[in-house]
Amino acid sequence: SVKHEYEGEWNTKTRLTTCDPHAKRAVTSSESPQEVEEKEIIFTYDVEFQESDIKWASRWDTYLLMADDQIHWFSIVNSLMIVLFLSAMVAMIMLRTLYRDISKYNQLETQEEAQEETGWKLVHGDVFRPPTNFDLLCVYVGTGVQFFGMILVTMIFALLGFLSPSNRGGLMTAMLLLWVFMGLFAGYSSARLYKMFKGANWKSITLKTAIKFPATVFAIFFVLNALIWGQKSSGAVPFGTMFALVLLWFGISVPLVFVGSYIGFKKPVKEDPVKTNKIPRQVPDQPWYLHPAFSILIGGILPFGAVFIELFFILTSIWLHQFYYIFGFLFIVFIILVVTCAEITVVLCYFQLCSEDYQWWWRSYLTSGSSALYLFLYAAFYFFTKLEITKLVSGMLYFGYMLIVSYAFFVLTGTIGFYACFWFTRLIYSSVKID
């Protein structure tokens with residue numbers, strides 16, 4: 001704070017006697033300070049342009065330099081260790097246990113031996129029985145396929161450098177548009193599964209697939225946006241944009257879901273490898289470690305463990321305004337997540353079938369989907385340890401948006417686990433001779 005002085009009347013060409021770049025007169029510490037009572041206060045600033053050797057195309061490199069890439073490598077090594085451990089378990093089940101089971105089942109010659117069936121072969125008459133609320137399962141599987149397609153294509157575009165952080169909002173716009181166009185695959189997947197369960201009302205299931213998940217997310221988003229409007233913040237999404245989103249949803253996404261569903265329902269249904277009995281078999285009492293709640297919660301730990309270090313960087317980039325530009329790391333972690341979800345679900349599904357519990361449809365979805373619960377708990381931990389948010393509305397915004405992210409993560413991971421088990425059960429039951 002300096003009491004600046006000048007000679008003559010003040011005008012646009014007045015030069016200060018206390019600070020003059022032309023005369024190389026710089027401010028020193030011995031200058032008299034500016035008194036608060038003074039009526040005239042002079043603000044000054046200097047700008048000096050220096051020509052840079054950095055090319056215009058490389059101007060973002062300074063901001064995008066990741067100093068902590070060692071942590072990312074640690075994250076990937078940590079995730080790979082989990083995958084290798086799970087892969088070893090799956091290989092052991094597939095190559096040793098399953099091979100032995102199938103050889104044993106196929107060598108049974110006498111009727112007496114055939115009647116003494118044990119393990120997973122025992123439930124062959126019920127394993128493909130449609131589950132309760134199978135229409136809801138079809139909706140969630142279809143939505144998961146839509147999500148998987150959207151994330152995969154977005155990551156490939158980002159990996160090739162099409163989605164730069166210099167284009168603000170480019171990533172979100174690309175994800176929204178891809179979500180809309182992936183409705184085709186959502187309708188196709190849900191209709192195929194619904195027809196396999198011998199459902200007849202395909203129009204109802206298609207409408208639910210097109211509306212259920214987006215409606216839930218839009219309702220939460222609208223409430224959060226209303227809170228921002230209430231605070232008179234410029235961060236609120238304008239009404240016109242909201243209307244454009246609804247138009248995209250009902251004008252493009254919903255018709256595409258119907259087109260996909262129509263194509264899927266017209267295709268011939270996949271035949272089950274074994275016939276389903278008319279009367280459902282009673283499920284015996286299960287040991288405590290195979291109780292649905294316990295195995296579902298255990299199943300979600302490993303997929304979350306594979307991605308939680310990368311998750312820290314993503315949360316930091318979203319909530320602490322840092323740039324996230326290492327899509328190569330993110331793509332590797334995403335592949336690891338897919339493999340982990342598939343493997344842990346297959347392992348737990350095999351244990352479940354061996355203990356004569358054939359109700360695997362919903363269990364397979366929820367086992368890997370439960371990792372979303374850990375994601376939300378981690379988001380709460382991050383809120384209290386890293387962020388300094390004191391206002392109620394800001395806290396509600398954080399938890400509201402993280403709830404949407406967790407819900408999306410549940411749908412994505414659940415679908416990966418479901419399809420892994422679907423492939424696994426069809427594979428093992430088509431390998432055994434059943435009279």
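Comparing L377, M175, M81 along the charge dipole axis of the chain, the residue lying farthest to the positive side is M175, per the Cβ-charge model.
Kindly list the residues of segment 238-277 that lie in the label zone of S204, defined by a backbone N under 19 Å from the point 7 Å along the Cα-to-C-beta vector. Backbone N within reach: 258, 261-262, 265-266. A simple packing score, the average count of other Cβ atoms within 10 Å per residue, orders the peptides 282-291, 195-204 as 195-204, 282-291, with the highest score first. The slack in the chain from S164 to F383, taken as 0.36 nm per residue of separation less the alpha-carbon distance, amounts to 76.1 nm. Estimate the FRET efficiency between A293 and M92 by the formula 1/(1 + (r/R0)^6), using the beta-carbon distance for r and 25 Å for R0, to the nearest 0.05. It comes to 0.45. The label-point distance for I279 and W60, in a model that sets each label 7 Å from Cα toward Cβ, rounds to 6.7 nm.
Per-residue packing, averaged as other Cβ atoms within 10 Å, sorts the ranges 262-273, 75-86 into the order 75-86, 262-273, beginning with the highest.
Peptide packing for 247-254, 134-141 was compared via the average number of neighbouring C-beta atoms within 10 Å per residue; ordered from the highest value, the list is 134-141, 247-254.
Against the main long axis of the alpha-carbon atoms of the chain, helix 134-159 sits at an angle near 40°. In this rough spin-label picture, where each label sits 7 Å from Cα along the Cβ direction, the E48-F239 distance is 5.3 nm. The helix-based estimate of mean residue ellipticity at 222 nm for the chain, built from -39,500 (n - 2.57) per DSSP H run of four or more residues and divided by its residue count, is -20000 deg cm²/dmol to the nearest 500. Placing +1 on the Cβ of every Lys and Arg and -1 on the Cβ of every Asp and Glu, with no other charges, gives segment 261-388 a dipole of roughly 480 debye about its Cα centre.
Between segment 241-297 and segment 356-435, the C-alpha centres lie 15 angstrom from each other. Place +1 on the Cβ of every Lys and Arg and -1 on the Cβ of every Asp and Glu in the chain, take the dipole about the Cα centre, and give the residue among L315, S29, T345 whose Cα lies farthest towards its positive end. Of the candidates, T345 comes out farthest on the positive side. Which entries in the list K104/K198; K212/K232; K208/K270; K203/K267; K212/K267 go over 27 Å, if you measure between the two C-alpha atoms of each? Checking Cα-Cα distances, K104/K198; K212/K232 exceed 27 Å. Percent of C-alpha pairs per 20 Å bin in the chain, short distances first: 20, 43, 23, 9, 4, 1. Relative to the longest principal axis of the Cα atoms of the chain, the long axis of helix 170-181 lies at roughly 30 degrees. Dividing the Cα radius of gyration of segment 333-372 by its Kirkwood radius returns 1.02 for Rg/Rh.
Counting only lysines at least 8 places from K3 when in the same chain, those with an alpha carbon closer than 28 Å to its own are K13, K24, K39. A 1.4 Å probe run over the protein chains yields, for the chain, 58 Å² of accessible area per residue, whole-number rounding. Note on K266 and Q34: with the Förster distance fixed at 60 Å, the Cβ-Cβ geometry gives a FRET efficiency of about 0.15.
Could you work out how far helix 327-354 tilts from the main Cα principal axis of the chain, as a 0 to 90 degree angle to the nearest 10? So the helix axis and the longest Cα principal axis differ by about 30 degrees. When the accessible area of the chain is split by element with a 1.4 Å probe, what percent falls to carbon and sulfur? So the carbon and sulfur contribution to the accessible surface is 64 percent.
The values are calculated or read from the model by the stated rules, or taken from the named source; none is laboratory data. Here the structure is a predicted model, which means the values were calculated and not measured. Neighbour counts are summed over all protein chains in view; Cβ atoms, including those assigned to glycine, are modelled from backbone coordinates with ideal geometry. The accessibility values were calculated without ligands, DNA or RNA, using every heavy atom of the protein model including side chains. Shrake-Rupley method; radii C 1.70, N 1.55, O 1.52, S 1.80 Å.
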